[in-house]
Amino acid sequence: MWRQRGLPILGRVQSPISLTFHHIDRSGALEERARKLGHHLARFNERITHCNITLQGPDDPHDGGAPYLVKIDLMVPGAQIHADSLHVDGAGHQDIYLALRDAFNNAKRQLLDLRVLSRRSNIAGSAGVGSGSA
């Protein structure tokens, strides 16, 4: 692990992050924030091989509902993660940046859960090694 200024440099997503915009104008600030959060996910699993972030606005901007939805699709060896920004009741967000934050937190939680499951299976697998009778 390389260090710069005393801080560890963590892994990067192994393939580029792809961004998809539906019914929403592409902005430099929004794109930069989405890419930054996508790269930040590598802190929780440095073996991410694919990251697609979809930012979706309302089909009808005059609808007045909670129009924004963000989906994050990740691939890591042995698993696929699909995270979104929907509330428990299925509602979207009024603010695209809040939707992005919630989708990121959802993806982060799933990556952490995957790490715990992986560690448990490694511990369980190694516990059986050498336990046979001779």
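The values are calculated or read from the model by the stated rules, or taken from the named source; none is laboratory data. Remember, predicted model here, so these are calculated numbers, not experimental data. Virtual Cβ from ideal backbone geometry, glycine too; neighbours counted across all protein chains shown.
Values for this structure:
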{"quantity": "Failed item in (1) among the acidic types (D, E); (2) modelled with pLDDT of 90 or more; (3) closer than 29 Å to I24 by Cβ, with D113 passing the rest", "calculated": "(3)"}
{"quantity": "Cβ-Cβ under 9 Å pairs, at least 6 apart or on other chains, the range 66-93 side at positive phi, far side of a type in the set (A, V, I, L, M, F, W, C) and modelled with pLDDT under 95", "calculated": "G78/L114"}
{"quantity": "Single residue of K71, K108, K36 found to be of a type outside the set (S, T, Y), surrounded by 17 or more Cβ atoms within 10 Å (Cβ to Cβ) and assigned to a helix (DSSP H, G or I)", "calculated": "K108"}
{"quantity": "Filter result (buried (at least 20 other Cβ atoms within 10 Å of the Cβ) and in a strand (DSSP E or B)) within the range 81-98", "calculated": "I81, A83, H93"}
{"quantity": "Residue match in the range 1-15 (condition: buried (at least 18 other Cβ atoms within 10 Å of the Cβ) and either at pLDDT 70 or above or assigned to a strand (DSSP E or B) (or both))", "calculated": "no"}
